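Okay, structure first, notes after.
The values are calculated or read from the model by the stated rules, or taken from the named source; none is laboratory data. No experiment lies behind these values; they were computed from the predicted model shown. Every residue, glycine as well, gets a Cβ built from its backbone with ideal geometry; the counts of neighbours run over all protein chains shown.
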Ligand code: ATP
Ligand code: MG
């Protein structure tokens with residue numbers, strides 16, 4: 001389905017703001033112009049729900065999560081940043097592996113199966129995009145993903 005990505009992201013953030021009881025601020029850096037993309041909205045909702053709930057789980061009380069989006073060339077890039085515990089450098093690329101969780105002890109208290117990001121990666125790849133993480137242990141984490149922009153219509157002569 002062809003949808004406007006910024007409005008879609010606003011709706012997702014609105015829902016998280018209604019639901020989350022934690023004292024964590026969700027900041028939006030979204031363009032005011034439309035960005036049309038082809039999306040399976042149910043699957044993309046699942047991707048964003050997992051990334052946002054991870055950011056919440058691993059953020060301190062009073063932290064800020066920033067969701068930004070914008071065009072980069074022929075793609076649109078979405079980034080979700082938190083100021084949480086971060087991920088050790090040698091583990092950053094592994095978080096997209098099935099059942100991988102940083103520090104079993106820490107994760108056991110927090111809960112989860114370690115599948116969320118593996119599923120997110122599958123969905124993003126199926127959309128023709130890419131997903132990766134950037135993190136500084138103790139500083140925070142950013143998950144980035146891209147999606148291809150709608151193909152430009154053939155120029156009419
Ligand atoms: P599930 O999503 O299946 O409920 P999960 O959240 O543990 O379980 P993933 O979403 O796949 O699984 O994340 C894998 C692991 O990556 C997490 O267990 C955690 O160790 C680490 N991780 C993911 N996001 C963050 C983040 N924002 N900050 C710190 N660590 C993170
Ligand atoms: Mg998760």
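Some observations on this one:
- Residue pairs meeting the criteria (Cβ under 7 Å; at least 6 apart or on separate chains; first over 20 Å from residue 76 (Cα atoms), in region 129-149; second at pLDDT below 95 and more than 10 Å from ligand 1 (Cβ to nearest atom)): 137/89
- The criterion of at least 2 residues that are crowded, with 19+ Cβ neighbours inside 10 Å is met by the following strands (runs of 3 or more DSSP E) wholly inside region 22-88: 64-72, 75-82.
- Scan of region 71-82 for residues that are touching a strand residue (DSSP E or B) at 6+ places or on another chain (Cβ under 8 Å) and either under 14 Å from residue 133 (Cα atoms) or without any contact (Cβ under 8 Å) to a residue 40 or more places away in the chain (or both), ordered by number: 77, 78, 79, 80, 81, 82
- Flag for residue 62 being out of contact with any helix residue (DSSP H, G or I) (no Cβ under 8 Å at 6 or more places or on another chain) and either without any contact (Cβ under 8 Å) to a residue 40 or more places away in the chain or more than 6 Å from ligand 1 (Cβ to nearest atom) (or both): yes
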